[in-house]
There are 2 protein chains.
Amino acid sequence: MEFADRQPIRISDVHDEGYAPGRYFARGWVKTHRRSKNVAFIELTDGTSVKGLQLVINPSLSSYLVAEAQIGTGAAIEVSGQLVPSPAKGQKFEFQVEEFSLVGSCDPETYPLQKKGHTLEFLREQLHLRPRSNTLGAVFRIRSAASFAVHKFFRDRNFIWVHTPIITTSDCEGAGEMFRVTTLDLSNPPRDDKGHIDFSQDFFKDEASLTVSGQLEAEIFALSHMNCYTFGPTFRSENSNTSRHLSEFWMIEPEMAFCDLRGDMKVAEDFVKEVVRSVLQECAADLEFLHAREWVEADTAKVLEQVSETRYGVMTYDEVINELQKSGRKFEYEPHWGADLQAEHERFITDEVVKGPTFVINYPKEIKAFYMRLNEDEKTVAAMDLLVPRLGEIIGGSQREEREAVLRSKIEANGMPPELYWWYLELRKFGGVPHAGFGLGFERLLMYLTGIQNIRDVIPFPRHPGYAKF
Amino acid sequence: MEFADRQPIRISDVHDEGYAPGRYFARGWVKTHRRSKNVAFIELTDGTSVKGLQLVINPSLSSYLVAEAQIGTGAAIEVSGQLVPSPAKGQKFEFQVEEFSLVGSCDPETYPLQKKGHTLEFLREQLHLRPRSNTLGAVFRIRSAASFAVHKFFRDRNFIWVHTPIITTSDCEGAGEMFRVTTLDLSNPPRDDKGHIDFSQDFFKDEASLTVSGQLEAEIFALSHMNCYTFGPTFRSENSNTSRHLSEFWMIEPEMAFCDLRGDMKVAEDFVKEVVRSVLQECAADLEFLHAREWVEADTAKVLEQVSETRYGVMTYDEVINELQKSGRKFEYEPHWGADLQAEHERFITDEVVKGPTFVINYPKEIKAFYMRLNEDEKTVAAMDLLVPRLGEIIGGSQREEREAVLRSKIEANGMPPELYWWYLELRKFGGVPHAGFGLGFERLLMYLTGIQNIRDVIPFPRHPGYAKF
């Protein structure tokens with residue numbers, strides 16, 4: 001076998017009319033195989049498209065005959081033959097097989113994926129096979145395309161990509177629930193005089209955890225390279241066993257120097273629009289397939305198009321509270337100034353008031369993180385949440401507090417030790433400038449794009465309480 | 001301040017002649033500031049180039065006068081004025097300031113970075129400021145450019161990017177030293193009847209660690225989507241406090257289905273060439289600056305050009321051992337069949353035998369990982385290491401063992417429990433195909449590109465024994 005010498009066709013390109021009819025070589029896996037007396041059909045996938053390639057085979061073809069019994073769903077094959085316009089409906093081409101070769105068989109008795117559809121719950125127990133299913137196959141192509149769109153967006157604007165640390169002895173929010181990272185012998189850890197665990201003998205000579213955010217470290221690079229972003233894994237050890245939480249997820253966190261809240265919103269709006277637009281365009285077939293699933297809300301495609309095109313609204317938190325209160329609407333949680341917005345409030349604003357994506361800005365300082373810049377009113381901070389129709393918050397960001405004295409007093413007011421944040425304070429002291437940034441949970445964006453309802457189905461290997469398999 | 005409305009010039013574009021002379025707005029940080037009676041000069045950086053922009057100021061300019069005392073190295077400023085061809089040598093343009101504004105001062109008495117150069121050791125204690133230095137500023141621009149080149153390479157070839165898990169209950173090599181991830185109370189962990197730590201009460205209801213490689217999981221996606229790659233953080237808890245080891249580093253691991261060792265080498269060669277070529281081209285000024293440092297080996301640029309252009313050699317491990325033995329060279333470690341190649345051996349091959357990058361293939365099975373495909377001789381495996389001049393191994397890869405029975409017996413021979421690898425074995429059982437891949441440590445590539453000698457200087461936040469600060 002000399003695989004390197006044979007260039008197979010790419011099935012998604014066939015569907016996009018990238019091929020002239022002619023003699024080709026194809027490889028991949030069998031989705032379905034059925035034969036009648038005079039003809040056999042195989043739907044072949046190479047993982048590039050939700051739509052397979054229809055192989056048409058004369059059942060008396062000897063290279064097919066010898067393999068026939070082993071060609072179940074999931075078997076790997078190689079074929080040579082003619083790509084010709086198809087007389088059948090729903091496909092432009094079919095592939096008339098002249099040479100057939102079985103590369104890897106797949107026992108139909110034990111193969112967990114059969115040609116009939118499986119529930120997403122069932123597939124979640126087969127993480128090693130579920131990327132082969134139509135739904136997850138499409139989701140992961142979209143995930144990859146969206147990832148690249150993220151990089152391209154920032155690259156086109158001269159942001160540098162910064163790899164912020166995964167293992168850290170800092171704690172971004174001062175309050176996140178974090179996983180401990182250790183090499184201590186848990187059965188017999190070293191203890192100090194007082195009987196406390198002696199972390200000075202741990203691998204990093206200190207208590208170390210998995211990062212909850214790269215923002216603080218990203219600010220370092222905004223103040224050296226002007227514009228930067230992170231795109232990496234982050235972790236939360238909250239015991240949240242829901243369809244919207246993961247213990248390990250990917251975050252995108254841009255950070256811009258010489259940038260205020262307005263500039264921050266502009267980048268966020270451009271970013272969401274471009275990534276959505278790019279995925280709508282590049283993954284049209286996959287999205288069409290997913291959006292037609294019974295568990296996807298109607299008009300999802302239309303909502304996404306609106307998000308990629310319309311001008312986003314801006315409301316202050318004050319205005320939102322007013323709007324909610326005067327609406328006469330009965331909410332489960334009564335809206336009142338000083339409280340966080342609930343999903344029902346957010347959805348009311350985007351779906352019924354603004355009827356489109358909306359930035360809510362200037363939140364009460366008490367409900368936002370210590371690093372957000374205090375406004376003139378001294379009651380609110382220069383924060384922004386981007387709410388999108390149906391989902392609610394997709395982005396959270398802010399202008400950062402660049403005044404050292406103000407930042408220090410906020411750190412103290414939060415009961416955090418300023419000496420732990422010495423370097424973060426020094427960024428303000430040495431050539432500090434107004435700067436801003438935001439964070440976007442990549443999996444939430446993917447749920448929004450795909451219509452997938454459970455976050456565990458948009459990440460290849462979900463981690464959540466009780467589960468870190470594969 | 002309305003930052004969003006003002007588009008500053010980008011200094012690296014000025015140097016690349018991307019600007020016509022005219023009136024512009026510029027912002028950034030002061031690298032140097034000196035004045036005489038009739039003129040003041042400021043070298044301004046915006047983080048986009050190792051070369052600053054020369055600002056020329058009439059010291060009687062009132063907006064300058066009020067700020068003058070505070071304009072030390074590191075201070076943040078904004079200026080408006082005229083970009084004009086420069087009469088001075090070594091720069092095409094200078095910027096004649098008409099309006100000056102201090103945005104953030106920087107106290108020269110306490111600012112750790114002065115205009116004179118600092119050692120890389122000193123800068124390592126100032127992780128929050130070192131990206132502002134010429135050397136680290138350049139390194140991190142190169143890191144970002146190389147990262148994008150990695151994504152672009154695979155994207156152009158339709159590989160999907162897979163986010164393999166960071167937290168895992170698997171162990172890729174069966175023997176890696178791993179960091180434990182836990183939320184147990186270390187002072188009083190739950191124990192079972194026998195007094196052992198009861199990990200069923202830990203967060204993931206099992207012993208969890210940080211990944212040492214995404215390869216096994218990537219194979220899942222090669223067998224569903226044909227070609228994929230990972231690019232993410234990996235971890236080793238070896239107590240290696242050297243200039244070549246990190247506890248946290250970024251790895252690139254492509255994996256290709258229907259691919260043998262030859263195909264694997266082809267992708268690896270194309271990959272290294274394209275990434276090197278792309279960085280040579282895009283980061284020419286940064287590389288020129290770095291390669292002229294006193295700690296960089298002479299001719300580094302020439303070596304890189306060779307790597308990006310020449311055809312790579314291929315030698316079997318047998319041939320290498322023969323060549324070493326017949327060389328008459330006195331090695332510190334006597335080469336003999338069955339032993340791993342040492343750095344001195346590798347360097348001899350690339351620098352004196354082949355005189356260029358070299359794949360060494362078909363290593364003895366005893367010194368390679370269990371998942372590598374057993375060759376017909378049953379003594380060697382279809383492994384390949386790519387050695388490059390001066391550095392030695394930069395890539396390690398192999399064709400994977402796709403025969404379930406052979407794989408199972410290798411797992412058992414390695415003393416590993418096959419039931420732990422049930423899903424990895426099933427990938428062979430259900431439509432398994434010959435497949436191959438490789439791994440490249442991103443930081444090693446960056447050391448090779450930049451000439452940087454200590455791996456802690458090519459990653460923003462190095463982690464190593466005793467150190468996980470920032």
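Readers should treat all values here as calculations from the given coordinates under stated rules, not as data from a laboratory. These numbers come from a predicted model, not from an experiment. Neighbour counts are summed over all protein chains in view; Cβ atoms, including those assigned to glycine, are modelled from backbone coordinates with ideal geometry.
Annotations for the structure displayed:
- Net charge contributed by nearby residues that have their C-beta within less than 10 Å of A:T135 (K/R +1, D/E -1): 0
- Average beta-carbon neighbours from other chains, 10 Å sphere, peptide A:454-466: 4
- FRET efficiency for B:K205 and A:R157, using Cβ-Cβ distance with R0 set to 45 Å, rounded to 0.05: 0.55
- Dipole magnitude of chain A about its Cα centre (Cβ charges: Lys, Arg +1; Asp, Glu -1), debye to nearest 20: 1480 debye
- Rounded to the nearest whole Hz, the Karplus-based 3J(HN,Hα) values (6.51 cos²θ - 1.76 cosθ + 1.60, θ = phi - 60°) of segment B:251-260 follow the sequence 10, 10, 9, x, 8, 10, 7, 6, 9, 9, with x at glycine and proline.
- Between amide H atoms placed 1.01 Å from N, distances below 5 Å from B:G72 occur with B:C106, all of them 5 or more places distant or on a separate chain.
- Projecting the Cα atoms of A:S398, B:T168, A:I411 onto the charge dipole of the protein assembly as shown, computed from C-beta unit charges around the Cα centre, puts A:S398 farthest toward the positive end.
- Residues with amide H under 5 Å from that of B:G466, placed H, sequence gap 5 or more: A:F204, A:K205
- Ascending list, in nanometres, of distances separating the B:K92 label from those of the other copies (7 Å, Cα toward Cβ): 4.4
- Surrounding net charge for A:A301, when Lys and Arg each add one and Asp and Glu each subtract one, Cβ distance under 13 Å: -2
- Across peptide B:256-268, the average count of Cβ atoms from other chains found within 10 Å of a residue's Cβ is 4.
- Position A:G117: other-copy label points at 6.5 nm, ordered by increasing distance, label point 7 Å along Cα→C-beta.
- For A:T380, the residues 5 or more places off, or on other chains, whose built amide H falls under 5 Å of its own are A:K365, A:N375.
- In order along segment A:305-316, phi translates into HN-Hα couplings of 4, 4, 4, 7, 10, 5, 7, 7, x, 10, 10, 6 Hz, rounded to whole numbers, per the Karplus curve 6.51 cos²θ - 1.76 cosθ + 1.60 with θ = phi - 60° and x for Gly and Pro.
- Volume in Å³ per residue [convex hull over Cα atoms, computed for segment B:36-189]: 248 Å³
- Highest average first, the peptides A:359-367, A:193-201 ordered by how many other beta carbon atoms sit within 10 Å of their residues are A:359-367, A:193-201.
- Measuring r between the beta carbons of B:F41 and B:E121 and using R0 = 35 Å, the FRET efficiency lands at 0.70.
- GluC sites (Glu not before Pro) within segment A:30-118, DSSP loop, no more than 15 other Cβ atoms inside 10 Å: A:E109
- With each label modelled as a point 7 angstrom along the Cα→C-beta vector, the B:T110-B:R329 pair spans 5.5 nm.
- Positive dipole terminus of segment A:1-77, leading residue within A:A69, A:V50, A:F25 (C-beta point charges): A:A69
- Fewest-first ranking of A:R244, B:R236, using other Cβ atoms within 10 Å as the exposure measure: A:R244, B:R236
- Across all directions, the shadow cast by the convex hull of segment B:72-125 built on its C-alpha atoms averages 5.5 square nanometres.
- Ellipticity estimate at 222 nm from DSSP helix runs (n ≥ 4, -39,500 (n - 2.57)) divided over chain A, nearest 500: -8000 deg cm²/dmol
- Derived scalar couplings between HN and Hα for segment B:94-101 equal 9, 10, 8, 6, 10, 9, 10, 8 Hz in order, rounded to whole Hz, by the Karplus curve 6.51 cos²θ - 1.76 cosθ + 1.60 (θ = phi - 60°), x for Gly and Pro.
- Peptide-level mean, for B:143-151, of C-beta atoms on other protein chains within 10 Å: 5
- Estimated inter-spin distance, B:R403 and B:S86, nm [label 7 Å along Cα→Cβ]: 6.7 nm
- With only the Cα atoms considered, chain B has a convex hull volume of 201 Å³ per residue.
- Teacher prompt: A:A292 distances to equivalent labels in other copies, 7 Å Cα→Cβ, nm: 6.2
- At 1.306 mPa s and 10 °C, Stokes D of the protein assembly as shown from Kirkwood alpha-carbon radius, µm² per second: 53 µm²/s
- Which of B:M178, A:M416 has the fewest Cβ neighbours within 10 Å, and the rest in rising order: A:M416, B:M178
- Sparsely packed trypsin sites (Lys or Arg not before Pro) within segment B:281-347, loop by DSSP, other Cβ within 10 Å at most 11: B:R311, B:K330
- Size descriptor, Kirkwood hydrodynamic radius, that averages inverse alpha-carbon separations across segment B:283-363, Å: 14.4 Å
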